[in-house]
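Below is one structure, written out as structure tokens, with a few remarks after it.
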Amino acid sequence: MQSKKDEVKKDIEAAALQTFFEKGFVETKMSDIADAIGISVGNIYTYFKNKKDLFYSVVPPILVDYLKKILVETIHFDNQHFPVDADSEARSSLFQAQIDLLATYNRQIIIIFEKNKGTSYVNAKNELVDLMVETKKAYLTPPSKHHELNPDEHMAMLHIIAHHIIDMNLDLLKREMSADSRRRIFQTLSVYQLNGMKSLYDS
């Protein structure tokens, strides 16, 4: 009996994730989720108190915390080992953690950043950008003499770059392709980002 209940709960969560991914939180109705797996709406309430309870079960805040942790660790590593050897064992380990996260939670990540209306993630992108810039600030040096930026312009540039990095990864997640193709493109984009930052600070 418990096994059956666990199976039904998993079915509800899988249908909810797909429906939230397609429609977003606000536009999703509990009846949409119930219809997707052929159960009654009342049956969903046996397992979840309400739509928000179900939403945060399939798109949990701990996922955002882990995403932030991985990004902060990567920024620290890249700046402490600048210029970065993209093929080093330590960098490869961080890269693997990122690609595993993107591959396993691609729909949740898209929901968090693009289909978040009505949820606690509505400012998730700006919060992540601020965190990336704040982490980078500890390592700031003036850009090379070829780029005449004042401090305010420098900070604006870093915010633009952080937004661009998030948008690139979201674009990659939304494209239909094999896991191997997504991995190779992500790896190439990582090298592009590293080389791009390096070019700004080389004298």
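The values are calculated or read from the model by the stated rules, or taken from the named source; none is laboratory data. Bear in mind the structure is a predicted one, so any value in this text is a computation, not a measurement. Reconstructed Cβ throughout: ideal geometry from the backbone, glycine too, with neighbour counts over all protein chains shown.
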- request: Determine if segment 8-20 includes at least one residue that is more than 16 Å from residue 104 (Cα to Cα), crowded, with 19+ Cβ neighbours inside 10 Å, among the polar types (S, T, N, Q) and without any contact (Cβ under 8 Å) to a residue 24 or more places away in the chain.
  value: yes
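I'm trying to understand the selection: among the residues of segment 158-184, which are out of contact with any Phe, Trp or Tyr (no Cβ under 8 Å at 6 or more places or on another chain) and closer than 27 Å to residue 134 by Cα?
So in segment 158-184, the residues out of contact with any Phe, Trp or Tyr (no Cβ under 8 Å at 6 or more places or on another chain) come out as 158-165, 167-168, 171, 173-184.
Once the filter is applied, which keeps residues that are out of contact with any Phe, Trp or Tyr (no Cβ under 8 Å at 6 or more places or on another chain) and closer than 27 Å to residue 134 by Cα, segment 158-184 yields 158, 159, 160, 161, 162, 163, 164, 165, 167, 168, 171, 173.
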query: From 168, 177, which residue is in the same structural domain as residue 123 (by TED's automatic domain parsing) and not in a helix (DSSP H, G or I)?
result: 177
query: Just one of the numbered conditions (1) crowded, with 16+ Cβ neighbours inside 10 Å; (2) assigned to a helix (DSSP H, G or I) is not true of residue 4; which one?
result: (1)
- request: Need at least 3 residues that are out of contact with any Pro (no Cβ under 7 Å at 6 or more places or on another chain), without any contact (Cβ under 8 Å) to a residue 40 or more places away in the chain and in the same structural domain as residue 180 (by TED's automatic domain parsing) per element, so show me which helices (runs of 4 or more DSSP H) inside segment 59-139 make the cut, counting only ones lying wholly within it.
  value: 61-80, 89-104, 124-137
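Kindly check whether there is at least one residue in segment 114-122 that is aliphatic (A, V, I, L, M), within 27 Å of residue 22 (Cβ to Cβ) and modelled with pLDDT under 90. First the steps, then the outcome.
Kept after step one, since they are aliphatic (A, V, I, L, M), are these residues of segment 114-122: 122.
Going one step further and asking which of them are within 27 Å of residue 22 (Cβ to Cβ), we end up with 122.
Cutting the leftovers down to modelled with pLDDT under 90 gives us none.
No, segment 114-122 has no match at all.
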query: Among the residues of segment 38-51, is there at least one that is charged (D, E, K, R) and either crowded, with 18+ Cβ neighbours inside 10 Å or not in a loop (DSSP other than H, G, I, E, B) (or both)?
result: yes
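Just one of 70, 109, 75 is at pLDDT 95 or above, among the hydrophobic types (A, V, I, L, M, F, W, C), under 23 Å from residue 171 (Cβ atoms) and under 24 Å from the mean Cα position of the chain (by Cα); which is it? Give the derivation first.
Working: 70 fails: at pLDDT 95 or above; 75 fails: at pLDDT 95 or above.
Criteria check complete, one pass: 109.
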